[in-house]
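J.: Sharing a structure, written as structure tokens. Questions coming.
The values are calculated or read from the model by the stated rules, or taken from the named source; none is laboratory data. Because the structure is predicted, anything quoted here is derived from the model rather than measured. Here the Cβ positions follow ideal geometry from the backbone for every residue, glycine too, while neighbour counts run over all protein chains shown. The area values use the complete protein model at the heavy-atom level, side chains included, leaving out ligands, DNA and RNA. Shrake-Rupley method; radii C 1.70, N 1.55, O 1.52, S 1.80 Å.
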Amino acid sequence: MPHSTSSDDEFPASALPTRPEEDHTGDGYDWARELPMGWKAVYSWGTEGWELGEPPYQVVAHFDDILDVTYGLARYVEGDVFVTAHGSREARDAATDELALGVWLWAGNGPRKGLPAEGTPAARIPDRFRGPYRPEALHAAQ
């Protein structure tokens, strides 16, 4: 199922009720342990659970608003933190799909075959490389 990628789905990070802060005192695992309420580190992505980011140097986190209004994407990179807000889970996950593709191509820590070129929009990334890793879905399908 294609993700929505409308520009209306991205908001300023200030739209989020809480945001992770930069932290130059530890590593990405330390940062992930200190995430504000509502945020959760995401270490695996795609149908086979390929590594997302490059822990402990790069760690990704998601925010799911309990009111279903805003969704956040945060990327920790050696202490610096970049945050975006999105109006839907689908838009946030599409942004994560694009982030994952870029990191996999750069770091070589993702799928070995079949990745599209860097800069491919989320809607054109093959389904198997997109979306949250859900190991429970694999077990249910067997």
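J.: Can you name the number of the only condition in (1) touching a residue at least 60 places away in the same chain (Cβ under 8 Å); (2) open to solvent by less than 10 Å² (accessible area, probe 1.4 Å) that ALA74 fails?
T.: Only one criterion is unmet by ALA74, namely (1).
J.: Taking the stretch 94-103, which residues are open to solvent by 10 Å² or more (accessible area, probe 1.4 Å) and within 15 Å of VAL42 (Cα to Cα)?
T.: ALA95, GLU98, LEU99
J.: Considering only the stretch 106-115, how many residues are assigned to a helix (DSSP H, G or I) and more than 15 Å from GLY28 (Cβ to Cβ)?
T.: Selection size over the stretch 106-115: 1.
J.: Out of everything in the stretch 91-142 that is of a type in the set (D, E, K, R) and more than 24 Å from ASP9 (Cβ to Cβ), what residue ends up being modelled with the highest pLDDT?
T.: Per the criteria, the residue is LYS113.
J.: Collect the residues in the stretch 77-86 that are farther than 16 Å from VAL42 by Cα and surrounded by fewer than 19 Cβ atoms within 10 Å (Cβ to Cβ), keeping them in residue-number order.
T.: Across the stretch 77-86, the qualifying residues are GLU78, GLY79, ASP80.
J.: A further question follows. Does any residue of the stretch 22-37 turn out to be open to solvent by less than 40 Å² (accessible area, probe 1.4 Å), over 16 Å from the mean Cα position of the chain (by Cα) and in contact (Cβ under 8 Å) with a residue 40 or more places away in the chain? If you could, list the steps in order and put the result at the bottom.
T.: Filtering the stretch 22-37 for residues open to solvent by less than 40 Å² (accessible area, probe 1.4 Å) gives 23, 26, 28, 31-32, 35-36.
Next, from what is left, pick out any that are over 16 Å from the mean Cα position of the chain (by Cα): 23, 26, 36.
Right, trim to in contact (Cβ under 8 Å) with a residue 40 or more places away in the chain and you get 23.
Yes: one or more hits.
J.: Identify, please: which residue in the stretch 119-130 is under 16 Å from TRP45 (Cβ atoms) and part of a loop (DSSP other than H, G, I, E, B) and is, among those, least open to solvent (accessible area, probe 1.4 Å)? Talk me through it step by step, then tell me what you get.
T.: Applying the first criterion (under 16 Å from TRP45 (Cβ atoms)) to the stretch 119-130 yields 120, 122, 125-130.
Okay, now just the ones that are also part of a loop (DSSP other than H, G, I, E, B), so 120, 125-126, 130.
Details: THR120: 24, ILE125: 6, PRO126: 50, ARG130: 24 Å².
Ranking the candidates gives ILE125 first.
J.: Also, quick follow-up: Can you find, within the stretch 54-71, the residue that is least open to solvent (accessible area, probe 1.4 Å) among those that are touching a residue at least 40 places away in the same chain (Cβ under 8 Å) and touching a helix residue (DSSP H, G or I) at 6+ places or on another chain (Cβ under 6 Å)?
T.: Going through the qualifying residues, I end up with THR70.
J.: Could you tell me whether the stretch 74-96 includes any residue that is touching an Asp or Glu at 6+ places or on another chain (Cβ under 6 Å) and among the aliphatic types (A, V, I, L, M)?
T.: Yes, the conditions are met somewhere in the stretch 74-96.
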